[in-house]
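Values in this text are rule-based calculations from the coordinates and carry no lab data. Just so you know, these numbers come straight off a predicted model, no measurement behind them. Every residue, glycine as well, gets a Cβ built from its backbone with ideal geometry; the counts of neighbours run over all protein chains shown.
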């Protein structure tokens, strides 16, 4: 029995870039999603922010007690301009207020759209 039998393996495995990357999401490119009729651009580099991830974790782990975590999360995810556009779109024209329900629906649609575009991420 040869001891070298597995040493070289498949030569294709030793060539950088030779493996297909079909399911790997594009890195570094801004993503555009449409939520509640708003076209929004998300910069994936913003996801490389630990505090943003903490606020998302808090929001998802206990939405009732951590509902305010949505504020730093949205401010971190979107530019100030887009965040303002989101709030204006969700604002009730009669009261001038943005309800928690409206923001919750926005977040559900946002995450659904993001999941449609990158189900593996």
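How much FRET efficiency would the formula 1/(1 + (r/R0)^6) give for residue 61 and residue 36, where r is the Cβ-Cβ distance and R0 is 25 Å, rounded to 0.05? Efficiency for this residue pair is about 0.50.
Cα-based values for region 39-121, radius of gyration first and Dmax second, are 13.0, 41 Å. A Förster radius of 25 Å, combined with the Cβ-Cβ distance separating residue 114 from residue 94, puts the computed FRET efficiency at roughly 0.25.
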